[in-house]
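Reviewing the structure listed below.
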Amino acid sequence: MNAIENLNEIRSRIAEAEHAAGRPAGSVKLIVVTKTFEASAIEPLLAIGERVFGENRVGEASEKWPALMGQYDGIELHLIGPLQSNKVRDALGLFDVVHSLDRVSLAKELAKQLERDDRSGFPRLRVQVNTGEEPQKGGIAPDAVDAFLQDCGSKFGLDVEGLMCIPPFEDAPAPHFALLRKIAERNRLQQLSMGMSADFETAIKFGATEVRIGSAILGGR
Ligand SMILES: *Cc1c(COP(=O)(O)O)cnc(C)c1O
């Protein structure tokens with residue numbers, strides 16, 4: 001199977017999962033995760049009109065995407081990996097959406113940049129929640145998210161649209177997706193970034209609005 005066939009297959013599975021969950025067709029956005037893949041592997045997808053992509057490193061994305069953006073209009077790029085404070089400026093120039101707002105110091109840095117620049121072109125934001133409370137993983141602890149969101153708005157002037165999580169590898173993902181949805185609902189957030197190659201159908205059942213899928217489309221890394 002090549003990437004285009006895989007993409008078509010994933011799109012139909014997303015449609016089926018939307019239908020099974022009683023959700024409107026097209027309510028889930030597919031983010032094709034292209035980390036570690038070179039431009040030559042991504043181009044066939046661009047050529048057939050795919051426009052929404054995710055990368056997990058600012059440096060790698062800066063090397064790959066500006067040239068592709070020069071060739072293809074309307075690319076929407078999502079940062080799904082950790083953002084170091086010293087990379088914020090680079091990230092703001094490149095990404096349309098940042099899924100990894102995961103600490104106070106980053107919120108502060110983003111606010112600083114927002115003061116400097118104007119709001120147009122500032123990325124849309126999701127707060128990463130460490131639903132499994134794993135020490136090695138980024139994200140706000142579930143019981144601290146409400147206060148963090150409060151601060152993002154009132155202290156830092158950041159407009160957060162949603163939440164993101166990566167369930168622990170060894171856990172069943174459903175309880176993590178359910179928890180993320182519950183936190184989003186009580187904070188009236190619209191966007192739920194959850195679900196990867198192995199678990200996106202479950203995520204859609206639990207209300208995902210964005211799924212991040214890499215290996216099921218582009219192959220193993
Ligand atoms: C790599 C990655 C994905 C995609 O994972 P696959 O299993 O290849 O679909 C999704 N989200 C994040 C945060 C990632 O780093």
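A few comments on the model shown:
- Tallying residues that are modelled with pLDDT under 95 and within 19 Å of the chain's Cα centre (by Cα) within the range 93-117 yields 1.
- Screening P82 on (1) within 21 Å of V129 (Cα to Cα); (2) buried (at least 20 other Cβ atoms within 10 Å of the Cβ) shows it passes everything except condition (2).
- Scanning the range 172-220 for residues that are away from the ligand (no atom under 13 Å from the Cβ) and part of a loop (DSSP other than H, G, I, E, B) yields a total of 8.
- Only residues that are in contact with a strand residue (DSSP E or B) (Cβ under 7 Å, 6 or more places away or on another chain), exposed (fewer than 15 other Cβ atoms within 10 Å of the Cβ) and either among the polar types (S, T, N, Q) or on the phi > 0 side of the Ramachandran plot (or both) were counted in the range 10-62, giving 0.
- Those residues of the range 118-147 which are in contact with a helix residue (DSSP H, G or I) (Cβ under 9 Å, 6 or more places away or on another chain), exposed (fewer than 14 other Cβ atoms within 10 Å of the Cβ) and at pLDDT below 95, in sequence order: G121
- Flag if I31 is β-branched (V, I, T) and in contact with a Gly (Cβ under 7 Å, 6 or more places away or on another chain): yes
The values are calculated or read from the model by the stated rules, or taken from the named source; none is laboratory data. These figures come from a predicted structure and were not determined experimentally. Counting neighbours? That spans all protein chains shown, and the Cβs are built from the backbone with ideal geometry, glycine included.
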